[in-house]
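Working notes for the structure below.
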Amino acid sequence: MAQGRDGVGVSEDPARRGVPADSPGRPLPRGIHRESPVGEGVYLTKLDLAINWARKNSIWPLPFGTACCAIEFMGVVSSVFDLSRFGAEVVRFSPRQSDLLLVAGTVTYKQAPILRRIYEQMCEPKWVVAMGVCASSGGFYDNYCTLQGIDKVIPVDFYIAGCPPRPEAILQALLEIQKKIERNPAPR
Amino acid sequence: MPVVRLARGAITEALRFLRDEPSYRFDMLTDLTVVDCGELRDGDRFDVVYLLHSLERGERLAIKSPVPEEDCWIETATGIYKNADWTEREAYDQYGVVFRDHPNLKRILNHKEFVGHPLRRDYDIYKGQWLSEVDDLEDELERRRRRDPTPRGGQADAMILNLGPSHPAAHGTLRNLVELEGETVRYCIPEIGYLHRGFEKSAETHEYNQVIPYTDRLNYCSCLINNVAYSRAVEALCGIEVTDRCKFIRVIITELSRIMDHLVCNAANLVDLGALTNYWYLFNLRERIYNVIESLTGARLTTSYTRIGGLWADITPDFEEAVRAVLKEVPKAVGDTLKLIARNKIFIDRTVGIGVIDAEEAISFGFTGPCLRATGYEYDLRKRHPYDHYDSFDFEIPSGHQGDTYDRVMVRFEEIRQSCRIVEQALDKMPSGPVNVEHPRIILPPKKQTYESIEGLVGHFKLIMHGVNPPVGEAYVATEAANGELGFFIVSDGGMKPYKCKVRPPCFHIYSALPRLVEGGMVADVVAILGSLNIIAGELDR
Ligand code: SF4
């Protein structure tokens, strides 16, 4: 089994690696143990933790971009803010292929059934981020056509404030979602 | 603008005459809207307003036709101007005015289960209505089939495909239902309104200055131009003229926004064609311009920088240097991209001769901006009706040859260069002086005056409590935005909030020509054509 970046799994030859994952002083990810009854260079963990670790570092976001916030999302995936640093650059526009629904922009009553449908089409496990005040609460569009927050139709895991949020805030949301995935007690 | 009042039964005939008579030649229906005059006068409740424009003669004309509330109908203009189709549907949707003999009179911005007409003054702004099921558009498709004089193929081999409103190859919230025959598009039915977020109704419940943040979010790729366009309209209504320095700053921010808008449009268009690298080149430049805008306005995207009668603040001391530094990077980003695409066989095959439209038809659809200039018709408000000292700058209006996707992309690249020239000249010539008009009922007095003099205090109090109150009247002011003519038609009843505020978004009219551009072509071309039209849902649906 190949050596993962954070030291999960079993390495065949620790000496051949650039930086040994078990070099003294380097903390190992939560739930991964260096002391092993099997032998040198062998790490033990629970399968659940390994799955969570893999999931959180390979999020495939589906940007449901409807309005201005989507333009800021375009900024986050481009070179300056570079979402790929966090393992989430494989943006997919198909709900079947993604696990993070990022609702960027205003959702109207006309759009609501579509958002609901897209959420239902995504496979478990899935997470939802409401980006910007429009997606979170309707924002300053308190009127006859704007849905007052996407949580009226789908569950939301993380809300980002801002109109639009700064790109850094979107990165933070991603990190928070990663923490949430890591804490998931029973990944299936 | 002169106003003519006409009876509703004479509209069709009158419009046809005004369009065809050589001494008038009102060839473009700039916009069509309705004013709910219930609170302004007794008698007929609605005025249907036609804003006409003769591009050659540069003259505008407004036609108003009163319509009573009961028995609420008027003749259709669909046989005369092609964009009357959608504009009439919008007027019907928002106000409930029925256009007799309209071929497809159904709601356009609000959903099909909506009850009532939200822009009537007595519709409660907070009364939202849920939609249970999305429109399948079968009725429109059927009507479209029936209108086709030469139906091709049988029903059996047709494939119905929903491109959008959330589709890997479609942008934002645009939906197109297409009927395919193999890979050829037989019919295309666009459905819009997914981002209709009630700009016009919201504007009626906010003070004039409070509407500015809403204008940011119309065309969110070039917010500053919207700010400027809206402020100019209200200033015209108030009859004030902003200072020279303000005008120059407005020119600079307008042109920087135009550059950004074109960068996003072309970058996204190229991604749609599979050329991802260009996206990085162009977006990096955009990020640099963002930094300048952010240090000027405090926000990257939603700027709200103008005020009625001036600006939120003067430019920062390092602004000029920062802008000049950014301008130096434009040629590299544009040049790198052009090197990759200008002689690229794939790009040329996918854009040349695709989505062709000629000038006359484009005008009938209400095309303006780069999409009209791509047809070879050199029309630009900055040259034809110069405002904000545009006539004192040396720049050219790029135009295309045949109005295809290639021309639309290339016109935008060239406009980026021209905008750089304008910005440089404006920086060189920037006058000193105040940025705001001196008018206590329009612009807040300086803080020092507010604290130290009674006049200052009163002025501050009055403006905060009662806002800007333009005199009773109406104005239509057009600005050359990145996408074309962005107009605001504002009616004032003398109060602190607009009685009516109608936006004339350039891409609404352009998008209504999509079926005409894509039918008969390949399905992959729909994506390329759509990208080159630069449809921004925020201003399309408002
Ligand atoms: S939160 Fe603000 S920026 Fe984002 S979609 Fe809403 S209005 Fe636009």
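What the table below lists for this structure:
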item	result
Among the residues listed as B:119, B:105, the single one being within 14 Å of chain A (Cβ to nearest Cβ) and not β-branched (Val, Ile, Thr)	B:119
Qualifying residue in region B:323-342 (condition: assigned to a loop (DSSP other than H, G, I, E, B), closer than 25 Å to residue A:73 by Cα and in contact (Cβ under 8 Å) with a residue 12 or more places away in the chain)	no
Test: residue A:161 is more than 12 Å from chain B (Cβ to nearest Cβ), over 30 Å from residue A:45 (Cβ atoms) and surrounded by fewer than 20 Cβ atoms within 10 Å (Cβ to Cβ)	yes
Residue in region B:119-127 that is at pLDDT 80 or above, within 24 Å of residue A:92 (Cβ to Cβ), surrounded by 13 or more Cβ atoms within 10 Å (Cβ to Cβ) and not hydrophobic (A, V, I, L, M, F, W, C) present	no
Pick from region B:205-214, criterion within 15 Å of the ligand (Cβ to nearest atom) and facing chain A (nearest Cβ under 10 Å), ranking: surrounded by the most Cβ atoms within 10 Å (Cβ to Cβ)	B:214
Segments classed as helices (runs of 4 or more DSSP H), wholly inside region B:217-318, with at least 2 members that are within 26 Å of residue B:530 (Cβ to Cβ), acidic (Asp, Glu) and touching a residue at least 40 places away in the same chain (Cβ under 8 Å)	B:244-272
Checking residue B:113 against (1) over 30 Å from residue A:97 (Cβ atoms); (2) in contact (Cβ under 8 Å) with a residue 24 or more places away in the chain; (3) within 12 Å of chain A (Cβ to nearest Cβ); (4) not basic (Lys, Arg), the condition it does not meet	(2)
Output for region A:124-142, where each listed residue is more than 10 Å from the ligand (Cβ to nearest atom) and either surrounded by 23 or more Cβ atoms within 10 Å (Cβ to Cβ) or under 17 Å from the mean Cα position of the chain (by Cα) (or both)	A:124, A:125, A:126, A:127, A:128, A:129
From the options B:203, B:169, residue that is of a type in the set (Gly, Ala, Ser) and modelled with pLDDT of 90 or more	B:203
Region A:43-69, subset within 12 Å of the ligand (Cβ to nearest atom) and more than 17 Å from the chain's Cα centre (by Cα), residue farthest from residue B:217 (Cα to Cα)	A:66
Any hit, region B:447-457, residues being crowded, with 22+ Cβ neighbours inside 10 Å and in contact (Cβ under 8 Å) with a residue 12 or more places away in the chain	no
Those residues of region A:153-168 which are under 24 Å from residue B:196 (Cβ atoms), in contact with a Gly (Cβ under 9 Å, 6 or more places away or on another chain) and in a loop (DSSP other than H, G, I, E, B), in sequence order	A:156, A:162, A:163, A:164, A:165
Subset of region A:65-84 (residues that are part of a helix (DSSP H, G or I) and either touching a Lys or Arg at 6+ places or on another chain (Cβ under 6 Å) or of a type in the set (Ser, Thr, Tyr) (or both))	A:68, A:84
Given (1) in contact with a helix residue (DSSP H, G or I) (Cβ under 7 Å, 6 or more places away or on another chain); (2) over 27 Å from residue B:362 (Cβ atoms), number of the condition residue B:508 does not satisfy	(2)
For residue B:450: the one exception among (1) among the β-branched types (Val, Ile, Thr); (2) within 30 Å of residue B:35 (Cα to Cα); (3) touching a helix residue (DSSP H, G or I) at 6+ places or on another chain (Cβ under 6 Å)	(2)
Near pairs, Cβ below 6 angstrom, 6+ apart or cross-chain, from region B:190-201 (more than 9 Å from chain A (Cβ to nearest Cβ)) to any residue that is charged (D, E, K, R) and surrounded by fewer than 23 Cβ atoms within 10 Å (Cβ to Cβ)	B:191/B:175
Exclusive hit being buried (at least 20 other Cβ atoms within 10 Å of the Cβ) and either within 20 Å of residue B:371 (Cα to Cα) or among the aliphatic types (A, V, I, L, M) (or both), set B:257, B:166, B:202, B:231	B:257
Residue match in region A:92-102 (condition: without any contact (Cβ under 8 Å) to a residue 60 or more places away in the chain, closer than 17 Å to residue A:67 by Cβ, aromatic (Phe, Trp, Tyr) and more than 16 Å from the ligand (Cβ to nearest atom))	yes
Conditions (1) more than 8 Å from chain B (Cβ to nearest Cβ); (2) closer than 22 Å to residue B:268 by Cα: number failed by residue A:70	(1)
Residue count for region A:143-172, restricted to those that are away from the ligand (no atom under 12 Å from the Cβ) and of a type outside the set (Ser, Thr, Tyr)	15
Selected residue (only one of A:94, A:79 is in contact with a Phe, Trp or Tyr (Cβ under 7 Å, 6 or more places away or on another chain), within 12 Å of chain B (Cβ to nearest Cβ) and at pLDDT below 90)	A:79
Check on residue B:217, crowded, with 24+ Cβ neighbours inside 10 Å, within 14 Å of chain A (Cβ to nearest Cβ) and either more than 18 Å from the chain's Cα centre (by Cα) or charged (D, E, K, R) (or both)	yes
Among the candidates A:62, A:102, residue that is of a type outside the set (Ser, Thr, Tyr), within 11 Å of chain B (Cβ to nearest Cβ) and part of a strand (DSSP E or B)	A:62
Within region B:494-535, tally of residues that are closer than 30 Å to residue B:47 by Cα and in a helix (DSSP H, G or I)	7
Subset of region A:110-152 that is assigned to a helix (DSSP H, G or I), in contact with a strand residue (DSSP E or B) (Cβ under 8 Å, 6 or more places away or on another chain) and closer than 25 Å to residue B:212 by Cβ - its residue that is nearest to the other protein chains (Cβ to nearest Cβ)	A:134
Those helices (runs of 4 or more DSSP H) lying entirely in region B:401-477 with at least 1 residues of a type in the set (Gly, Ala, Ser)	B:405-429, B:454-466
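The values are calculated or read from the model by the stated rules, or taken from the named source; none is laboratory data. The structure displayed is predicted, hence computed values, not measured ones. All Cβ positions, even for glycine, are placed from backbone atoms using ideal geometry, and neighbour counts span all protein chains on display.
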